[in-house]
Amino acid sequence: MKIHSNSHPLKVDVPSVSEIDEIAAFHSKLPGYVPTPLVSIDGIAKELGIRRLLVKDEGKRFGLKAFKALGASYAVYKLLQERDAGKLQPEEFLSERGKKLAEGITFTCATDGNHGRALAWIARLLGRKAVIFMPQGSVPSRIDAIRSEGADVVVVEGGYDDAVRRASEEAEKKGWVVIADVGYPGYMEIPRYIQMGYMTIFRETINQLVERGEKTPDIVFLQAGVGAFASASALYFNDPADGIRLVSVEPGDADCLFRSAEAGDGTAHSSPAFGNTIMAGLNCETPSMAAWPIVRDRFDCYITIEDHYAEVAMRVLTGEGIVAGESGAAGLGGLIALLEEDPSFAEEKLQLRDDAHVLVINTEADTDPEGYRRIVGTIG
């Protein structure tokens, strides 16, 4: 485990209240929308020596087993809205009017699995084609899930960065539209919309806590790949003066955000190679340029964990009736690892004490059923 602390996290700029309202209103019009469960697992909290452990279960989102549709759908909506001079309304997105605005588009992206399926789902609902690029070694179940939405899948030689480059190159040659959650030079607007779309997770969470009469979390552990999801938490919990601490959790073999923070020069740095980790959704080499400055400024701490902590967290969550995949359990894995390997840092820097309320997000369910069965022993 590696730890890097940000001594002086900063307040970051956020979308306006009206934009956040618009995002929530948009998602509420999508088929199958309901707020995902917020589960309090008090027995595990007691074992960990904290007051409350909350799990937001995104494995229930839209029947897709992951949270990614929140970002992909909102980005495509904003793209079509721009084609319509800003007039397209949320309730019109999947109507004949929305489908007409999408005519002629082939959507594409790179993915480790969940974002690609989310984009393929939206493309299918709009009656459009999607071509999804995946890194070598992608598990068959994730490929099959994308194809089940009617998309074509191309597995490329190399890692996630190679898939990103291939999607960009093919889109430029063939006139396709890239809907990617990673920002790079000349491609920043769509990733920012995706980051904004993920904010619905945190809006729902706070609404659910308010309805229960509970306090906001003191600490949030967030698994991080290119940083898009992590940046959404920073946008929502934007002011460190509010006392909410944010912790980035990455695999030890795919630690681009950690390396970028540790370098201390403010710029993004890549991991040296495509990592060998079971946390496939976090197996990313280079931070998103649209996300990194937000994560850099706002996060309190960056940690890396070994795969076995994700496995431990998966088993813990299964025991509480929550089906969590390898990447989905990584936030909880980070909490467990930190308390086990450096409890003094946890207490002194993060104030992770017996009165702490901690939030983790289960970002995916059993998107690799065979891997889930191997680790946990059953399919939920």
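The values are calculated or read from the model by the stated rules, or taken from the named source; none is laboratory data. No experiment lies behind these values; they were computed from the predicted model shown. Cβ: placed from backbone, ideal geometry, glycine included. Neighbour counts: every protein chain shown.
Would you point out the residue of the stretch 180-203, among those that are buried (at least 20 other Cβ atoms within 10 Å of the Cβ) and charged (D, E, K, R), that is modelled with the lowest pLDDT?
Asp181
Within the stretch 253-261, is even one residue surrounded by fewer than 24 Cβ atoms within 10 Å (Cβ to Cβ), modelled with pLDDT under 95, outside any helix (DSSP H, G or I) and not aromatic (Phe, Trp, Tyr)?
Within the stretch 253-261, one or more residues are surrounded by fewer than 24 Cβ atoms within 10 Å (Cβ to Cβ), modelled with pLDDT under 95, outside any helix (DSSP H, G or I) and not aromatic (Phe, Trp, Tyr).
Specify the residue that is farthest from the chain's Cα centre (by Cα); the eligible residues are those in the stretch 273-307 that are within 30 Å of Glu370 (Cα to Cα), among the aliphatic types (A, V, I, L, M) and in a loop (DSSP other than H, G, I, E, B).
Selected residue: Ala273.
Among residues belonging to the stretch 121-169 that are of a type in the set (S, T, N, Q) and modelled with pLDDT of 95 or more, point out the one that is surrounded by the most Cβ atoms within 10 Å (Cβ to Cβ). Spell out the reasoning first.
Kept after step one, since they are of a type in the set (S, T, N, Q), are these residues of the stretch 121-169: 136, 138, 141, 148, 168.
After this cut, where a residue has to be modelled with pLDDT of 95 or more as well, the list is 141, 148, 168.
Numbers: Ser141: 15, Ser148: 12, Ser168: 21.
Selected residue: Ser168.
Which condition number in (1) crowded, with 24+ Cβ neighbours inside 10 Å; (2) not in a loop (DSSP other than H, G, I, E, B) is the one that Gly325 fails?
(2)
Is the stretch 270-291 home to any residue that is surrounded by fewer than 24 Cβ atoms within 10 Å (Cβ to Cβ), at pLDDT 95 or above and more than 24 Å from His115 (Cβ to Cβ)?
There is no residue in the stretch 270-291 that is surrounded by fewer than 24 Cβ atoms within 10 Å (Cβ to Cβ), at pLDDT 95 or above and more than 24 Å from His115 (Cβ to Cβ).
Among the residues in the stretch 270-278, are any touching a Ser or Thr at 6+ places or on another chain (Cβ under 6 Å) and hydroxyl-bearing (Ser, Thr, Tyr)? Give the steps one after another, and end with the answer.
Keep residues of the stretch 270-278 that are touching a Ser or Thr at 6+ places or on another chain (Cβ under 6 Å), which gives 270.
With the extra rule that they be hydroxyl-bearing (Ser, Thr, Tyr), the set shrinks to 270.
Yes, the stretch 270-278 contains a residue that is touching a Ser or Thr at 6+ places or on another chain (Cβ under 6 Å) and hydroxyl-bearing (Ser, Thr, Tyr).
In the list Gly71, Gly43, Gly63, which residue meets the criterion of being at pLDDT 95 or above and more than 19 Å from Tyr198 (Cβ to Cβ)? Give the steps one after another, and end with the answer.
Details: Gly71 fails: more than 19 Å from Tyr198 (Cβ to Cβ); Gly63 fails: more than 19 Å from Tyr198 (Cβ to Cβ).
Matching residue, one of Gly71, Gly43, Gly63: Gly43.
Yes or no: Leu352 in a loop (DSSP other than H, G, I, E, B), more than 22 Å from the chain's Cα centre (by Cα), assigned by TED's automatic domain parsing to the domain that holds Pro9 and modelled with pLDDT of 95 or more?
Values: in a loop (DSSP other than H, G, I, E, B): yes; more than 22 Å from the chain's Cα centre (by Cα): yes; assigned by TED's automatic domain parsing to the domain that holds Pro9: yes; modelled with pLDDT of 95 or more: yes.
Criteria met by Leu352.
Can you tell which of Glu347, Glu320 is surrounded by fewer than 23 Cβ atoms within 10 Å (Cβ to Cβ), under 19 Å from Ile44 (Cα atoms) and either under 16 Å from the mean Cα position of the chain (by Cα) or without any contact (Cβ under 8 Å) to a residue 12 or more places away in the chain (or both)? Please lay out each step first, then the result.
On the way: Glu320 fails: either under 16 Å from the mean Cα position of the chain (by Cα) or without any contact (Cβ under 8 Å) to a residue 12 or more places away in the chain (or both).
One residue alone meets the criteria, Glu347.
Across the stretch 131-172, what is the total count of residues that are on the phi > 0 side of the Ramachandran plot and in a helix (DSSP H, G or I)? Spell out the reasoning first.
Quick first cut of the stretch 131-172, residues on the phi > 0 side of the Ramachandran plot only: 137, 150, 158.
If we keep only those that are in a helix (DSSP H, G or I) as well, we get none.
The number of residues fulfilling the criteria is 0.
If the requirement is being within 21 Å of Ile278 (Cβ to Cβ) and at pLDDT below 95, which of these qualifies: Gly380, Gly319, Gly333, Gly325?
Working: Gly319 fails: at pLDDT below 95; Gly333 fails: at pLDDT below 95; Gly325 fails: at pLDDT below 95.
Selected residue: Gly380, the only one of Gly380, Gly319, Gly333, Gly325 that is within 21 Å of Ile278 (Cβ to Cβ) and at pLDDT below 95.
On the given criteria, is Ser270 closer than 18 Å to Val182 by Cα and not in a helix (DSSP H, G or I)?
Details: closer than 18 Å to Val182 by Cα: yes; not in a helix (DSSP H, G or I): yes.
Judged against the criteria, Ser270 is a match.
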